[in-house]
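The values are calculated or read from the model by the stated rules, or taken from the named source; none is laboratory data. In this text the structure is predicted, and so the values were computed from the model without any measurement. Neighbour counts are summed over all protein chains in view; Cβ atoms, including those assigned to glycine, are modelled from backbone coordinates with ideal geometry. For accessibility, only protein heavy atoms count, side chains too; no ligands or nucleic acids. Shrake-Rupley method; radii C 1.70, N 1.55, O 1.52, S 1.80 Å.
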Amino acid sequence: MLELMFCSLFTIVPDYLYRRYRQGKRFGKEITLFSVWFELRWGITGCVILAVCLITTVFYNHPSTTNVTLFFRTVPIVPETIGRVAEIYVGMSGPVKEGQPIFRLDSSKQEAAVETARRKITEVDAETTVARTDIQKAEGQLQQARSVYQQTTDELETKQELYRRNPGNVPFREIERLQTRQQGDLAAIAAVEASKKSAEERVATLLPAQKSSAESALEQAQVELNKTVVRAGVSGRVEQFLLRVGDLVNPLMRPAGILIPEGAGQRGLQAGFGQIEAQIMKPGMAAEVTCVSKPFAVIPMVVTSVQNYIAAGQFRGGEQLVDPSQVTKPGVLLVFLEPLYKGGIDDVTPGSSCIANAYSNNHDVIAAPETGTLKKIALHTVDALALVHALILRLQALVLPFQTLVFSGH
């Protein structure tokens, strides 16, 4: 209406003044309801054309939308394993801190696995003690074998010396027997040394490896046991937590509840503008927002990011070709808005519906020396009418709460 009145000042009013005072025509005489169109046809036509062009220009450079929402992130509460609920630590709704337990699954199987892994470590420690005893036993047997070998060697040398002095004193067969016995003693020493080395290798290599494997199994079993206690990954608030003791929980079926992190939805708003605004919406543009959950208030915002893709055009690979005619809704341009001042949307409830107006900046173009006079006037006019849009937004901020009450049936 304001644009139409503005355009009429430059079209219909001059035409009427010319007809009234230059040609001397009067209402009720020459200018009647039947002759208005004929007499003022050029002014009316020019007013309509100018109003349409002006409204199109204003709305193109200063877009507005009612598709504004304060989205917030949620974290599903799901266990990593399948199990039956044994204990619950929170209510259906309430705050939680990071690391706080939410519920616990039955852990008898995991506890048995932990106990088995601990007993395996004890068993390996016992085997290590036995192996060290075997080393000591092998050292004693080695000392004994060396003594026997030394005794056989001394006896052989004595017999050989006597045989050399007088072959008749010692039979040669006795010397051969002692030599054979000496070789057997050497083999016994080698066998005991091999047994000792085997025991040492077992203590130094095999048993430590078995203990490491047992400790790893214990850690794995402990991890599986810890998974039975579901904890909050972040600080926030638990909502819709209807799990009860005895329920069977499967992470593939459904979450046990929802965890809303602290500060979720307090960073910025997400607005959906028409696709025609893709060339106008740029980061850094000023904007204003009014929300239902914060009535009678206009929040100054700034455009921080514009998504380069429209969600309606996405598709997934499959066995059928994509048919563009199946896209019934054209989709919107997703724009991210953040408050111009710190704490601007702290009082806005996450998920609230809002209305937003964005404003382009033409000051640099107006100040440029190469910009013509007509273009400067047009840009000044567009910026001036942006004030009208700001006024309309403030009127909507006053009407929106009552409008919401009417449509909600209260």
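Length gained on full extension, Phe72 to Gln150, computed as 0.36 nm times the residue gap minus the Cα-Cα distance: 19.2 nm.
For region 250-321, the square roots a ≥ b ≥ c of the C-alpha gyration tensor eigenvalues yield an a/c of 1.5 or more together with a/b not exceeding b/c, which makes the shape oblate. When Phe296, Phe273 are compared by accessible area of protein heavy atoms, the largest-first order is Phe296, Phe273, using a 1.4 Å probe. Would you please classify the overall shape of region 219-358 from the alpha carbon gyration tensor, given that a ≥ b ≥ c denote the square roots of the eigenvalues, rounded means a/c under 1.5, and beyond that prolate means a/b larger than b/c while oblate covers the rest? Oblate. Residues in region 247-281, backbone N under 20 Å from the label point at Gln100 (7 Å along the Cα-to-beta-carbon vector): list them, ranges by number please. Those under the cut-off are 256-266. If R₀ is 25 angstrom, what is the calculated FRET efficiency for the pair Glu338 and Phe296, using the beta carbon separation as r and rounding to 0.05? About 0.70, to the nearest 0.05. Annotation: for a label point projected 7 angstrom from Cα along Cα→Cβ of Glu200, residues of region 131-154 with backbone N closer than 13 Å are 135-136, 138-140, 142.
Heavy-atom accessible area with a 1.4 Å probe sorts Lys329, Lys97, largest first, into Lys329, Lys97. The length gained by stretching the chain between Asp346 and Gln220 to full extension, at 0.36 nm per residue less their Cα-Cα distance, is 40.9 nm. One decimal place: the segment Arg26-Gln183 gains 41.6 nm when fully extended, by the rule 0.36 nm per residue minus the C-alpha distance. Couplings for region 229-241, taken from phi via the Karplus curve 6.51 cos²θ - 1.76 cosθ + 1.60 with θ = phi - 60°, read 9, 8, 10, 6, x, 9, 6, x, 9, 8, 9, 6, 8 Hz in order; Gly and Pro are left as x. Residues whose amide H comes within less than 5 Å of that of Val332, counting only those at least five positions distant or on another chain, are Ala311, Ala312 (H built at 1.01 Å from N in the peptide plane). The HN-Hα couplings worked out from phi for region 87-94 by the Karplus form 6.51 cos²θ - 1.76 cosθ + 1.60 (θ = phi - 60°) are 7, 10, 10, 10, x, 5, 8, x Hz, whole numbers, x standing for Gly and Pro.
Under the combined filter of DSSP loop state and at most 11 neighbouring Cβ atoms within 10 Å, region 254-334 retains these GluC sites (Glu not before Pro): Glu319. Residue pairs exceeding 30 angstrom between C-alpha atoms, taken from Lys120/Lys227; Lys109/Lys137; Lys227/Lys342: Lys109/Lys137; Lys227/Lys342. Classify region 170-301 from the C-alpha gyration tensor, please: rounded if a/c falls under 1.5, else prolate or oblate depending on whether a/b exceeds b/c. The shape class here is prolate. Measuring with a 1.4 angstrom probe and ignoring ligands and nucleic acids, Glu338 comes out at about 50 Å² accessible. Rounded to the nearest 10 square angstrom, Asp247 shows an accessible area of 60 square angstrom against a 1.4 Å probe.
Rolling a 1.4 Å probe across all protein chains gives Met281 an accessible area of roughly 0 Å². Computed from the C-beta positions of Ala86 and Gln240 and an R0 of 22 Å, the FRET efficiency is 0.55 to the nearest 0.05.
Sparse packing (at most 13 other Cβ atoms within 10 Å of the Cβ) combined with a DSSP loop state is found for the following trypsin sites (Lys or Arg not before Pro) in region 206-306: Arg244.
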